[in-house]
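Novice: What follows is a single structure, and I will ask about it in a moment.
The values are calculated or read from the model by the stated rules, or taken from the named source; none is laboratory data. Since we're looking at a predicted model, the values are computed, not measured. Counting neighbours? That spans all protein chains shown, and the Cβs are built from the backbone with ideal geometry, glycine included. Surface areas here come from the heavy atoms of the whole protein model, side chains and all, with no ligands, DNA or RNA. Shrake-Rupley method; radii C 1.70, N 1.55, O 1.52, S 1.80 Å.
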Amino acid sequence: ALSVTETLIKPLERFRKEQLGAVKEEKKKYDKETEKNYSLLEKHLNLSAKKKELQLQEADNQVEQNRKHFYELSLEYVCKLQEIQERKKFECVEPVLSFFQGLFTFYHQGYELAKDFNHYKMALQINIQNTRNRFEGTRSEVEDLMNKIRRNPQEHKRANHFTMEGYLYVQEKRPAPFGSSWVKHYCTYRKETKKFTMIPFEHRSGGKVGDEELFVLMYCTKRNTDTIDRRFCFDLEASDRPGVPVTMQAFSEEDRKQWMEALDGKEAVSIIQITVKADFYHFIIETGKGAQLDKIGFTVIKKCISAIETRGINDQGLYRVVGVSSKVQRLLSLLMDAKTCNEVDLENSVDWEVKTITSAMKQYLRSLPEPLMTYELHGEFIVPAKSGSPESRVNAIHFLVHKLPEKNKEMLEILMKHLANVSKHAKKNLMTVANLGVVFGPTLMRPQEETVAAIMDLKFQNIVVEILIENHEKIFKTLPDGTFPEPISMSISPPNAPPRQSRRQGQRIKRPLAVYNLCLELDD
């Protein structure tokens with residue numbers, strides 16, 4: 001009984017109190033701030049446009065400060081949820097493993113059982129350690145992405161097929177004695193069909209509170225404050241109800257501009273500041289020529305692999321230990337210059353450390369115009385990694401590899417053969433297949449847009465690379481059998497909170513974080 005208490009019950013109870021308890025407190029804080037944020041926003045939108053400009057500016061500043069605070073709190077809440085999802089995978093399983101180990105070794109008659117259990121115990125210990133390693137890698141990736149979101153939130157938004165979507169207040173007119181009321185709706189608009197939909201939505205009741213209304217837009221006109229005692233308003237007119245405009249109120253002047261632009265409003269829209277996304281992974285070499293899958297590109301990778309396998313295949317932390325940035329860039333500039341490429345001796349020269357060569361090779365792969373496994377097939381590679389039997393995963397990825405462009409597939413084969421060789425020396429270099437997946441998952445695969453939702457697929461990128469390494473002979477030396485079904489759609493439907501956004505080219509839209517749309521099945 002004492003052993004059960006110490007090895008099983010107390011660790012689980014400690015996890016419940018310390019970890020789950022902390023998340024519950026974060027949820028209470030988040031729910032409280034959510035209520036406060038929406039209450040302040042509604043109060044702000046009800047301000048009369050006839051108030052003094054100074055009062056309006058002070059109110060706008062207060063709302064903006066509250067929005068930033070709520071946005072910061074939302075990010076912290078998401079990060080905490082992700083962390084607890086990862087922790088439970090080893091902090092709940094490990095005590096159970098310890099309990100069974102103690103049980104089998106305590107009783108003499110359980111000796112034979114312990115021998116039979118040893119194989120499963122060793123496999124489970126390896127899986128636990130890999131999960132723990134992935135947890136550290138995933139947490140680092142999540143923190144990096146959270147910092148990116150803090151610096152430039154408008155770049156991180158969920159892509160979908162709507163031209164514009166978000167929340168608007170719609171004026172509902174009543175008989176003369178009762179005036180009018182304003183009801184919040186979740187609205188979407190598709191420009192190609194001119195279809196506008198709106199659904200009454202109340203966050204306090206948890207979502208949809210009315211039926212969807214759809215109409216074909218005829219025109220949109222801005223409303224000035226001399227015609228209505230509310231700011232940020234505009235009128236829409238449906239093709240089946242000419243002469244009966246619907247008045248709507250956006251959350252801010254910027255929000256109204258975005259809606260007017262998407263809806264082709266009559267009044268000219270001020271110049272939209274285009275935010276140019278800086279691609280984190282793209283690196284331009286000093287020569288001015290970017291990395292390409294050309295003759296030089298293959299030469300660079302082959303020279304690096306040959307030197308690594310000759311000089312450093314047994315180095316501990318191979319590919320994890322990084323080189324000095326200035327040396328890495330200098331080596332890349334020499335390798336990518338056709339005049340100096342053949343003169344660089346990586347196998348015999350002491351000028352270039354192994355960690356400099358491995359870093360240069362990873363940097364070159366990250367610098368390609370698109371990842372080696374392409375933006376187009378990224379989602380299709382992720383789907384089989386999320387479910388199915390080991391055999392079905394291998395078959396699905398086998399099929400998809402042969403859909404890659406020929407040069408991409410050829411380069412991927414070279415890399416996987418090399419990484420398989422590295423993993424064979426794991427006893428010395430400590431780079432198991434799982435560790436190599438952590439290093440090369442983000443290098444070989446990434447989505448076209450870095451969004452909050454992108455962190456959900458971090459672990460699956462690593463799993464795909466692990467499958468490629470372990471099965472490279474079958475995948476690259478044989479043709480796939482049969483066909484692979486169409487990938488499952490991973491889209492999330494409104495209206496439970498997808499933030500508003502415009503899909504107009506080059507435009508980046510600010511929007512609130514849709515915490516309740518995040519899938520928490522995150523792993524490395």
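Novice: In whole percent, how big is the carbon plus sulfur part of the accessible area of segment 4-149, probe 1.4 Å, protein atoms only?
Specialist: Carbon and sulfur atoms account for 54 percent of the accessible area of segment 4-149.
Novice: Pull out the extension gain between residue 424 and residue 306, defined as 0.36 nm times the separation in residues minus the alpha carbon to alpha carbon distance; nm, one decimal.
Specialist: 40.9 nm
Novice: I'd like the chymotrypsin sites (Phe, Trp or Tyr not before Pro) in segment 85-134 restricted to DSSP loop residues with at most 14 other Cβ atoms within 10 Å, sorted by number.
Specialist: Values: sites: 90, 99, 100, 104, 106, 107, 111, 117, 120; in loops: 107.
Passing sites in segment 85-134 are 107.
Novice: Once the Cβ-Cβ distance between residue 62 and residue 173 is put in as r, and R0 is 45 Å, what FRET efficiency do you end up with, to the nearest 0.05? Each step should come with its number before you reach the end.
Specialist: Values: r = 30 Å, r/R0 = 0.68.
So the FRET efficiency works out to roughly 0.90.
Novice: What list of whole percents do you get for P(r) of segment 4-149, with Cα-Cα distances grouped in 5 Å bins up to the one holding the largest distance?
Specialist: Over segment 4-149, the share of Cα pairs per 5 Å bin runs 2, 8, 12, 12, 13, 10, 9, 8, 6, 5, 4, 3, 3, 2, 1, 1, 0, 0 percent.
Novice: Of all the C-alpha pairs in segment 1-44, what % are more than 16 Å from each other?
Specialist: The answer is 58 percent, as a whole percent.
Novice: Classify segment 370-483 as rounded, prolate or oblate, taking a ≥ b ≥ c as the square roots of the eigenvalues of its Cα gyration tensor: rounded when a/c is under 1.5, otherwise prolate if a/b is larger than b/c and oblate if not.
Specialist: It is rounded, given that a/c, with a ≥ b ≥ c, falls under 1.5.
Novice: Right, next: Starting from the coordinates of the alpha-carbon atoms of segment 164-267, obtain the Kirkwood hydrodynamic radius over all distinct pairs and give the value in Å to one decimal.
Specialist: Evaluated over segment 164-267, this radius sits at 14.1 Å.
Novice: Over 22 Å between Cα atoms: which of 417/477; 355/424; 424/477; 302/386 fall into that group?
Specialist: Violating the 22 Å Cα-Cα cut-off are 302/386.
Novice: If you roll a 1.4 angstrom probe over the protein chains with everything in place, what fraction of the accessible area of segment 164-267 belongs to carbon and sulfur, to the nearest %?
Specialist: The C+S portion of the solvent-accessible surface of segment 164-267 is 50 percent.
Novice: Among the lysines, which fall within straight-line cross-link reach of residue 339, defined as a Cα-Cα distance under 17 Å, with same-chain neighbours fewer than 8 residues apart omitted?
Specialist: Candidates past the 8-residue exclusion: 289, 295, 303.
Novice: Counting other C-beta atoms within 10 Å, and keeping those with at most 16, which DSSP coil trypsin sites (Lys or Arg not before Pro) do you find in segment 341-436? Walk me through the numbers on the way to the answer.
Specialist: Details: sites: 355, 362, 366, 386, 393, 403, 407, 409, 417, 424, 427, 428; in loops: 403.
Of the trypsin sites (Lys or Arg not before Pro), the ones in loops of segment 341-436 whose Cβ has at most 16 other Cβ atoms within 10 Å are 403.
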